[in-house]
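Everything below concerns the one structure shown next.
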Amino acid sequence: DAGITQSPRYKITETGRQVTLMCHQTWSHSYMFWYRQDLGHGLRLIYYSAAADITDKGEVPDGYVVSRSKTENFPLTLESATRSQTSVYFCASRSQFNQPQHFGDGTRLSIL
Amino acid sequence: KNEVEQSPQNLTAQEGEFITINCSYSVGISALHWLQQHPGGGIVSLFMLSSGKKKHGRLIATINIQEKHSSLHITASHPRDSAVYICAVSPLPSQGGSEKLVFGKGMKLTVNP
């Protein structure tokens, strides 16, 4: 089905572990984004990508790594998870300048 | 001070009421977005507008570029409208670029039957 999908939907892990959140979109959108959503902060941009092999930092990039070798995939890796990274993570995509963003259903990540 | 402010932060209404959610921003923008997030759910784009007014079903979004203000109106509200409504702006390139959205913190709406 066309759309944007995130996996896993829920993840529990321990501090210090590496975690990768997956994001896949079927529209061939140029732009993809990773956000985290926390109470009191709203949505905050972690990283974004304007095209394959082009990524840039957002507001809160520390502790995260991204890659975009293919247009449709934009994985987010927590190299050594910390409790402060417990959050709900949303991936989004859009086609061009000034188009609406389409969001995935989110990944709820808990780090113990 | 946040670049995007929403008011009120929480709102409880009775079914059938007319609801207004406000958003003010402080930067020049190319577009403003209204998003909806149901409890435990994903985020859906409701409107993107750069001027005037847009309507979709019972939802109406307006924007006043000069006053840097937008409103989202819900007519004949229903319990299924209960959600968090998020305002976001695309800043002009001269003010940080339009690749990224700047988000308000959201407004939680509860509509009671």
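All of the numbers you see were taken from the coordinates with simple rules; none came from a lab. All of these numbers come straight from a predicted model, not from anything done at the bench. Don't worry about glycine lacking a Cβ; one is built from the backbone with ideal geometry, like all the others, and counts go over all protein chains shown.
Under a cut-off of 20 Å between alpha-carbon atoms, report the aspartates and glutamates in cross-link reach of B:Lys100, not counting same-chain residues fewer than 8 places apart.
Within the straight-line limit of under 20 Å, B:Lys100 reaches these aspartates and glutamates: A:Asp38, A:Asp53, A:Asp56, A:Glu59, A:Asp62, A:Glu72, A:Asp105, B:Glu3, B:Glu5.
By count of other Cβ within 10 Å, fewest leading, how are B:Ile65, B:Ile43 ordered?
So the ranking, lowest neighbour count to highest, is B:Ile65, B:Ile43.
Check B:Gly28: other-chain or 5+ apart residues with amide H under 5 Å from its amide H, H built from backbone geometry?
Close amide H contacts, sequence-distant or interchain: B:Leu92.
With θ set to phi - 60°, apply the Karplus curve 6.51 cos²θ - 1.76 cosθ + 1.60 along region A:58-65 and write out the HN-Hα couplings as whole Hz, x wherever there is a Gly or Pro.
With coefficients 6.51, -1.76 and 1.60, one gets x, 6, 10, x, 4, x, 10, 9 Hz.
Over the protein assembly as shown, how many percent of alpha carbon pairs lie in each 5 Å bin up to the one with the longest distance?
1, 7, 14, 18, 18, 17, 12, 8, 3, 1, 0
Over all alpha-carbon pairs of chain B, lay out the pair-distance distribution in 5 Å bins, whole %, shortest bin first.
All Cα pairs considered, the percentages come to 2, 13, 23, 25, 19, 10, 5, 2, 0, 0.
Arrange A:Phe74, B:Phe18 by Cβ neighbour counts within 10 Å, fewest through most, would you?
B:Phe18, A:Phe74
Within chain A, what is the longest stretch that has no chymotrypsin sites (Phe, Trp or Tyr not before Pro) placed in a DSSP loop and near at most 16 other beta-carbon atoms within 10 Å?
Here the longest run is A:28-96.
How many angstrom lie between the C-alpha centres of region B:5-54 and region A:59-92?
Each part's Cα centre sits 27 Å from the other's.
Amide H of A:Gly106: which non-local residues (sequence gap of 5 or more, or other chain) have their own amide H closer than 5 Å, using H built in the peptide plane?
Residues meeting the amide H criterion: A:Gln6, A:Cys91.
Say the cut-off is 28 Å between C-alpha atoms; which of A:Lys11/B:Lys54; A:Lys57/B:Lys105; A:Lys70/B:Lys55; A:Lys57/B:Lys53; A:Lys70/B:Lys53 go over it?
A:Lys11/B:Lys54; A:Lys70/B:Lys55; A:Lys57/B:Lys53; A:Lys70/B:Lys53
Along region A:10-17, what does the Karplus equation 6.51 cos²θ - 1.76 cosθ + 1.60 (θ = phi - 60°) give for ³J(HN,Hα), rounded to whole Hz, x for Gly and Pro?
9, 8, 10, 8, 10, 4, x, 7
Which of the trypsin sites (Lys or Arg not before Pro) found in region A:42-112 are loop residues per DSSP with 13 or fewer other Cβ atoms within 10 Å of their Cβ?
Here the trypsin sites (Lys or Arg not before Pro) that fit, given the DSSP loop and packing criteria, are A:Lys70.
Which of B:Glu99, A:Glu14, B:Glu5 has the fewest other C-beta atoms within 10 Å, and how do the rest follow up to the most?
In order of increasing Cβ crowding within 10 Å: A:Glu14, B:Glu5, B:Glu99.
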